[in-house]
1. When the chain is modelled as a GNM with alpha-carbon springs shorter than 10 Å, which of 271, 66, 155 fluctuates the most?
2. Roughly how far apart, in whole Å, are the Cα centres of the range 282-353 and the range 23-70?
3. To check you understand DSSP bridge types, tell me what percent of the beta bridges within the chain (both residues inside) are antiparallel, rounded to 5.
4. Per residue, what volume in Å³ does the Cα convex hull of the range 1-65 take up?
5. Among 52-64, 277-289, how do they line up by average Cβ neighbours within 10 Å per residue, starting with the highest?
6. Quick check: Cα centre of the range 86-147 to Cα centre of the range 210-227, how many Å?
7. Kirkwood hydrodynamic radius, computed over distinct alpha-carbon pairs, for the range 245-353: how many Å, to one decimal?
8. Can you give the alpha-carbon Rg of the range 175-324 over 2.2 N^0.38 Å, where N counts its residues?
Ligand SMILES: NC(=O)c1ccc[n+]([C@@H]2O[C@H](COP(=O)([O-])OP(=O)(O)OC[C@H]3O[C@@H](n4cnc5c(N)ncnc54)[C@H](O)[C@@H]3O)[C@@H](O)[C@H]2O)c1
């Protein structure tokens, strides 16, 4: 089995590689990444990329099809990964997340890849009433990021065939420890605030619904999707990935962190406009299709692993929302240093001279 994981050098990637290494002992694992966050390592003893057999560096927007010779499955994680970056770089987000993903899928189909797993997102449900969204619910993408995922799914569906199985995993918001931790994710942000300042400030009024999932459980779902039986779910499948019990309101998450870490104050901004992105999600289909790959990590353990990880790196940065643990800040700094251009392409040394 030859598996290519794009975007393996980000937050989720290291956990996916670990999981696939354990599940497919004899497999050749390759990674493909542009390396934006290559040196955003958080406490890892070895470079996570030591665990792949081959690491390719490149831009999804100029993806060399030859890499796909002999590849059986692709896990496509590479992309602009949140709303703040998408808002700032709208066209680039569509180029990388949407156009380059469809280009990759077309090339993969031509090269005889059998399984294509796409990291989609529940954020495409956008704003919804209190009823949980199923895969049949109308999409309401409110941001460039969410639109890029919805457009990709729409154009991936007709590419699927008996020989080319496609699975769009509509992930809940990730949380938990990674060798390349992100703190621009709601639970991770709350734990970092609790550890560094004993004070959690909720930026909204705390009422938005947000389904969550631990990164290890995302990797578990990916593991399932690679080899899933098309007899269930069909050649093209879009499925919500998470669990019904992990639909939380943001204030519940803050309270859960405060009760796990003694002495933490929670302040809710009562004057804040309600966050428009609020959605509860129905995960029944995922439960039916993948009973052996259901989320297994508890919220309490997710908080604990984050707390212990941050403490082991002696994390004390009370200004972390302005730090390199935020993906947008890393990209902005790389631009300010003249390393990335407006399209988020690396500026080669010879071009900047
Ligand atoms: N983290 C979440 O909560 C979440 C939820 C749903 C879906 N997803 C999706 O999962 C995927 C991975 O998320 P993450 O949290 O690991 O994000 P991340 O930002 O940590 O990692 C994304 C990786 O993609 C790479 N990349 C970006 N543009 C590229 C390009 N043009 N060419 C090659 N590589 C490129 C980056 O260098 C980075 O290593 C993303 O597609 C994201 O949209 C994430």
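Coordinate-derived values only; no laboratory data. Everything quoted here is computed from the prediction, not taken from an experiment. In this analysis, Cβ positions are derived from the backbone assuming ideal geometry, glycine residues included, and neighbour counts consider all displayed protein chains.
1. Sorting by GNM fluctuation, first place goes to 271.
2. That distance is 16 Å.
3. Around 10 percent of the beta bridges assigned by DSSP in the chain are antiparallel ones.
4. 81 Å³
5. 277-289, 52-64
6. For the range 86-147 versus the range 210-227, the Cα centre distance is 16 Å.
7. 18.5 Å
8. Against the compact-globule rule of thumb, the ratio is 1.14.
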